[in-house]
Amino acid sequence: MYENEKIQYYLVLDQVPEVIYQVLEEPAHQSEVQSGPEVPQTLEDFIAEMKDELPDAKTFAIKLKSMVTFLEQRTRTAKIQEYLYRHVASSSIPKQLHCLTLKLANEHSTNSHARLQLPSAEFVPTLVDNSYFHYVLASDNVLAASVVASSLVHNSLHPEKVVLHIITDKKTYSPMQAWFSLHPLTPAIIEVKSLHHFDWFTKGKVPVLEAMEKDQKVRSQFRGGSSAIVANNTEKPYIIAAKLQALSPKYNSLMNHIRIHLPELFPSLNKIVFLDDDIVVQTDLSPLWDIDMNGKVNGAVETCRGEDKFVMSKRFKSYLNFSHPLISRNFDPDECAWAYGMNIFDLEAWRRTNITRTYHYWIEENLKSDLSLWQLGTLPPGLIAFHGHVHVIDPFWHMLGLGYQDNTTIADAESAGVIHFNGRAKPWLDIAFPQLRPLWTKLFLPENERPEDTLRVLHKSKDLRARMRTACFKFWEIFLLPKS
């Protein structure tokens, strides 16, 4: 029976008029697409029209081609609009987050309790004491930094041994210091420091700053802005999406690039764990210090193996442009990639390598090549610079993808040591995935406590800390909590 059906299928194929193939294979002209109402809008309309008119094979093919081409263009336009809106939404600073920062800056200038020395003088020696667990967080987002810090400390079995070094920029320093002055995470030790406080960063030329200035100039000329990208009628939507993403301020943020200078920023430390500001810690991280790195510099989770084939399928070819001879000559496209977000860095081993120089060399090569070696972020040059210096750690320590796909279940996410909202759909944005956002917002709201009840109590309080919490709860109620 199967063989007979197969024979009949090939007989039908042989009977398809050659003219249909000729029409379908010809390039579509714009005039064929702009026939408006004459083009069937649905398959049902098309079938009804064909039954009424009983056209010859050529007319049938022309009508079919017009309908498909017209619908393809409508789909393409819709996709590009979606990508543009997501780009704008992910690149903007939410009003509530901006207001929170302004409130904290005001407290810093008017309230001495909001500008305490962090840490206090008695704990300053711990900042260079290698018997403590040292974590580094670079961020210009106060709310995001507070989530990382509180989740880290609250899940630690030995919070008194936790030292968190928070690096921020000059404009965010005052709000960041105010937040952690008013919300101490005792007994953990928190240091808040701006880049301009580092002697190394203020003396002489800093390669990362020079590279960023050149990158910004080349990027603005090369990309032509979001309007020019969206106006391109020939490129595929996913190419346009990648170019829009390349324009995102985060990919040219100093907070992203600064991790390559960790040995210079912390000359007295031997080992640190570096955390991105879009992660949530869900377990005690002290066992990371017991991992034998075997002389390697960077302890990271690989992203080419795992059950989630969408997230865990990244190799060098996913990030680097292997059509460029400079890349194809030096690297293997199928080599497994790894992730930034939660990394163990052996700074002693790092200082014995040329990793930082390699990073800046390839940044320069990318600029000379009009940004054609890779498109996005700091991971591609990181893959190159740390090549041969990576120690693979258990994926339990770092679950990725919560900011660009919603296939992850709550149960799977809760079983990970660290979850990472990498991608555009950050949990503090309206475009966050609503089913995943509570994994982040639960760090603010006490269990079984309704925000409206808390607000009612806090509004009546004259206590400064209560008023600060009120401002934050307003933020959470209006913006972060799922809308009913």
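The values are calculated or read from the model by the stated rules, or taken from the named source; none is laboratory data. Keep in mind that this is a model prediction, so the values were computed, not measured. Reconstructed Cβ throughout: ideal geometry from the backbone, glycine too, with neighbour counts over all protein chains shown. To get the accessible areas, we keep the full protein, side chains included, count just its heavy atoms, and leave off ligands, DNA and RNA. Shrake-Rupley method; radii C 1.70, N 1.55, O 1.52, S 1.80 Å.
Values computed for the structure shown
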read-out	value
Of residues in the stretch 317-339 being assigned to a loop (DSSP other than H, G, I, E, B) and open to solvent by less than 20 Å² (accessible area, probe 1.4 Å), the one farthest from Trp397 (Cα to Cα)	Ala337
Output for the stretch 141-167, where each listed residue is surrounded by 24 or more Cβ atoms within 10 Å (Cβ to Cβ) and in contact with a Lys or Arg (Cβ under 9 Å, 6 or more places away or on another chain)	Ile166, Ile167
Hey, Gln375 open to solvent by 50 Å² or more (accessible area, probe 1.4 Å), in contact (Cβ under 8 Å) with a residue 24 or more places away in the chain and not charged (D, E, K, R) or not	yes
Filter result (of a type in the set (D, E, K, R) and in contact with a Ser or Thr (Cβ under 7 Å, 6 or more places away or on another chain)) within the stretch 269-288	Asp277, Asp284
Subset of the stretch 404-425 (residues that are under 24 Å from Leu347 (Cα atoms) and not in a loop (DSSP other than H, G, I, E, B))	Val418, His420
Residues of the stretch 378-400 satisfying the condition of being modelled with pLDDT of 90 or more and open to solvent by less than 20 Å² (accessible area, probe 1.4 Å)	Pro380, Pro381, Gly382, Leu383, Ile384, Ala385, Phe386, Ile393, His398, Leu400
All positions within the stretch 340-357 that are open to solvent by 60 Å² or more (accessible area, probe 1.4 Å) and not basic (Lys, Arg)	Glu348, Asn354
Qualifying residue in the stretch 70-81 (condition: more than 20 Å from Thr186 (Cα to Cα), touching a Phe, Trp or Tyr at 6+ places or on another chain (Cβ under 9 Å) and at pLDDT below 90)	yes
The listed residue being aromatic (Phe, Trp, Tyr), assigned to a loop (DSSP other than H, G, I, E, B) and crowded, with 20+ Cβ neighbours inside 10 Å, out of Trp428, Trp440	Trp428
The stretch 297-316, residues that are hydrophobic (A, V, I, L, M, F, W, C) and touching a strand residue (DSSP E or B) at 6+ places or on another chain (Cβ under 9 Å)	Val297, Ala300, Val301, Cys304, Val311, Met312, Phe316
Whichever residue in the stretch 373-403 is part of a helix (DSSP H, G or I) and aliphatic (A, V, I, L, M) and, among such residues, is farthest from Lys296 (Cα to Cα)	Leu379
In the stretch 401-424, the residues that are more than 24 Å from Phe316 (Cα to Cα), open to solvent by less than 10 Å² (accessible area, probe 1.4 Å) and modelled with pLDDT under 95	Ala413
Search result, residues across the stretch 399-428 that are without any contact (Cβ under 8 Å) to a residue 24 or more places away in the chain and under 22 Å from Val153 (Cβ atoms)	Met399, Ser415
Qualifying positions in the stretch 363-372 - surrounded by fewer than 22 Cβ atoms within 10 Å (Cβ to Cβ) and either assigned to a helix (DSSP H, G or I) or of a type in the set (A, V, I, L, M) (or both)	Glu364, Glu365, Leu367, Lys368, Leu371
Residues that are of a type in the set (Gly, Ala, Ser), more than 16 Å from His197 (Cα to Cα) and outside any loop (DSSP other than H, G, I, E, B), drawn from the stretch 132-184	Ala144, Ala145, Ser146, Ala149, Ser150, Ser151, Ala178, Ser181
